[in-house]
Structure formats: C-alpha cells, structure tokens
Amino acid sequence: MDIHLLNALGITNCALFRCNSESDIECLTPELPWLGNVVTIDENNKLQKKHIPSIFLDDFFLDADEVWKGETSFTLSSGFWTEHNESQVLRLEALAINSESGSRYLVVKNVEEQFDEKRKTLQAARELLLSHHEIVGQHEYIRHKLNGVLRKNTRLQKLVPPIQQAIHNLETGVVILDDKGGLILDNKASHRLLLCNSTTPSSIRVNELLTDIDAPATFLPALVQRKAPWQGELYWQPVDDYGVWLQVTIHPVLQGDELTHWVYLLTDITHIHNKEESVLTASGMDSLTKVANRNLFTDTVRRLVQEEIAFKLFIIDICDFKKINESLSYQSGDEILKSFALRLQTFVGNSGFIARIGSNEFALVKREDTFNELTSAEYIEQLVKKLTQTYTVLNGSEPNLGINIGEANFPPTLPVNRITSSMC
C-alpha cells in the first residue's frame, strides 16, 4: 500500500525517506506539516544531512549509516524522543531500515498515540511498584512496633486489649511464636493466607511454608546468629487449588543474645505478580529486580544530555557473580540480585535513578545538584558500605559481595574514576 494513502487514511503518520546513496536521501512524503521541525529538505525533496534541525536525529544518523552500510536485513530504532517548537510538541521515533531487497530507508514516525500509551503503561508500572514498596514499608513498620512490644513484655501476658485488637484486625498476616515455635498470637489475615483450621494452626502452617519452599535447617539459626530479619517474595501452593504469592518477613526477636520470639508477617501480593511482569517489561522495567532496565536507562541518560543537565553516572558491578550462582544456585543468585537492587533503591531514594543494565551490573544516575555537599568519594564510601553488608538467602548462606564502581560525569570535565571495594 502506498505511504501517501496510509497517511491519508490516518493509519500511520510517518515520513519516509529512500536512501539512494549516502549523499542522496530522497523524501517520499514532503507534504507532512510537522516534518520541517525535524529535517531540512531542498526543492528536489532531498534531505540535507548537514542542516538537520533535530539534534537527536542528527546523532541517530551516525548509527543509521552503519546499518545502511551492512549487508544483512536489519531495522534500528531510535526509541521515542521529543521535539519542541513554539506551536507544538512532537513525539517521534526514527527507524533505519536495511531491507532484504537491499533497499535502504529512513522512517520518522509521529508516535503521539504510542507515547501516550507508553506513558499510561509507565504510570501503571509506577503504581505497581508503589504498591509493592508500600507493602514492604508496612512490614518494616509493624516489625519495629512488635519488636518494641515484645522486648518489653516477653510473654505478651500484659499486652493491653487495644494492641491485641489492632493486631487482630491488621490486613497484614501476623504470627508470633515463642522461642520453641509455640503459638503466642496470630490474626485473621494469617488464618486466611495460611489456610489455617482447627487441626492446622498458624504455628504449623509457617513451618510447612518453610518446608515447601525448601528452606534448609540452617536458615532460621542463621537469622538468630546475625540478629537480622529476612524479607522476600515467595510462591506457596500447599494444595492443588490454592497458590499465592506472599511478601514475607521473618524476624527473630532477641533480648541480648537470647531468642525470645519469632514474628512472621505475610501479605498477599498475587495481584501485583499477575500484572507486573508484562507491565514492567513494557514500561522499561526489569521484571526480576523491579528497577529500570537498560533501555529505560539509555533513554534517561539521553534525555539528561539533551537537556544539558549536569549529572554523575556510577556503574556498579558485582564481583564474581557467576561463582555465586554456581555455588549457591541460580535461585539464590536471583534472591541476592533482588536484595541488592532493593538496598540500592533504598539508599538512593528519590534523589537518583537506578537501572539494571546487565546480569550483575547496575547503573546509578544522580544529578549534580542532589549531592547535598557530599563529595563523590564520600557518597561512594556510603554506597559501598550499604551494598556490601552481609546478605542472607533462604539456603542459609551468608555471602558478602564485592563490588566495582566506575564513575563518569556530564559534562565530561573530569576524568573517569573506578573504585573497587575491599572484598573484590
């Protein structure tokens, strides 16, 4: 079908160029009203590569030329970008096409509708992430509150009725056991999530949960030894017609070095898991770690450069991660990656942008005006301390990670630095 007819029908809204040679690029759709904001065309409808108004498209030609020089069929996308002028804002995408027939084309697409759809997808992803972080935050709040109460009253004998009632009505499942595993207190939500009944109370169910997910016998003792909670996501299917994704916190309560209680917190996150993989992938998020992926990272850096915003870029590489996968299992490796990303996100908060850009490589983008008088060295020192603290995984192992951190700056006025943690 003719490109002009497609445009007339509103099926597509794109400019098409045929590349006859490096210096002869013919525009087949010169009548598009927005095209003059992006390219310059002479009276013979030839594109003037030396006079391209769009800085982004001018830069894209460097990669497009390599595609057109190739011998194989290939299509390169620029990703979405935005052009501003006095009267309108354009959302655009460029494609460099090397067809099977040997023809070379450049397509510049007006992607306003697709951009709006992506923006909606991003919003859905943000809402899912906020929901998940809210659940994690709720667990942390409840854990700290219960820890304080249990330290003051080890048997809950003097626990006032309002506190008992508050626990009973929480939407988060709560199970409190003594140091021997005997049930002290639970609530309605835990009964629902753990399928409790008169013969299988929550104290038995949490042990079944740990057994079903193959947690080793060393897992709980390791938490006591480290005096630290474990937090993660688990899929549990105790019976054929019931399966649930749970956000779980397991917290040992200690008086000095003596264990007094176990606190289990559980929240159903099945609704998040059912939606998040497709939404996160479509929106540029990494489905494992719930942070941005490489494509969204590239788009973010490109936008900052276009807008001439000064920033620092830190590339963070986990040392010898292949050995961790081989020695602990890939499941444990994934668990560590999720914990690593969560620590990084917690450390950065809203003052930076993080992404997973490789299997064991992360990027952190931080604007110059957000360092609050910290030097790069001081910031990196705090970052290394946060990311290299001991990790705990379900198989009972407690790996310490070593990391490499590379630093670059925009504008590039300073040399690139590379920092290696002491455990590499």
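The values are calculated or read from the model by the stated rules, or taken from the named source; none is laboratory data. If you're wondering where the values come from, they're calculated on a predicted model, not measured in any experiment. So basically every Cβ, Gly included, is an ideal-geometry build from the backbone, and we count neighbours across all protein chains shown. Accessible surface areas use protein heavy atoms only, side chains included; no ligands, DNA or RNA. Shrake-Rupley method; radii C 1.70, N 1.55, O 1.52, S 1.80 Å.
Only one of the numbered conditions (1) open to solvent by less than 80 Å² (accessible area, probe 1.4 Å); (2) at pLDDT below 85; (3) at negative phi is not met by Leu47, and that is (2). Can you spot a residue in the range 155-164 that is modelled with pLDDT of 85 or more and β-branched (Val, Ile, Thr)? No: zero hits. In the set (1) in contact with a strand residue (DSSP E or B) (Cβ under 8 Å, 6 or more places away or on another chain); (2) open to solvent by less than 20 Å² (accessible area, probe 1.4 Å), the condition left unmet by Gly333 is number (1).
Just one of (1) open to solvent by 10 Å² or more (accessible area, probe 1.4 Å); (2) in contact (Cβ under 8 Å) with a residue 12 or more places away in the chain; (3) among the hydroxyl-bearing types (Ser, Thr, Tyr); (4) within 22 Å of Leu220 (Cα to Cα) fails for Tyr391. It is (1).
Within the range 398-411, count every residue that is assigned to a loop (DSSP other than H, G, I, E, B) and either aromatic (Phe, Trp, Tyr) or open to solvent by 30 Å² or more (accessible area, probe 1.4 Å) (or both).
Looking only at the range 398-411, we keep the residues that are assigned to a loop (DSSP other than H, G, I, E, B), and these are 398-402, 411.
Going one step further and asking which of them are either aromatic (Phe, Trp, Tyr) or open to solvent by 30 Å² or more (accessible area, probe 1.4 Å) (or both), we end up with 398, 400, 411.
Selection size over the range 398-411: 3.
Filtering Lys312, Lys323, Lys275 for residues that are at pLDDT below 85 and within 29 Å of Gln382 (Cα to Cα) leaves a single hit, Lys323.
Could you please find all residues in the range 352-381 being loosely packed, with under 12 Cβ neighbours inside 10 Å and at negative phi? The answer is Asp369, Thr375, Ala377, Glu378.
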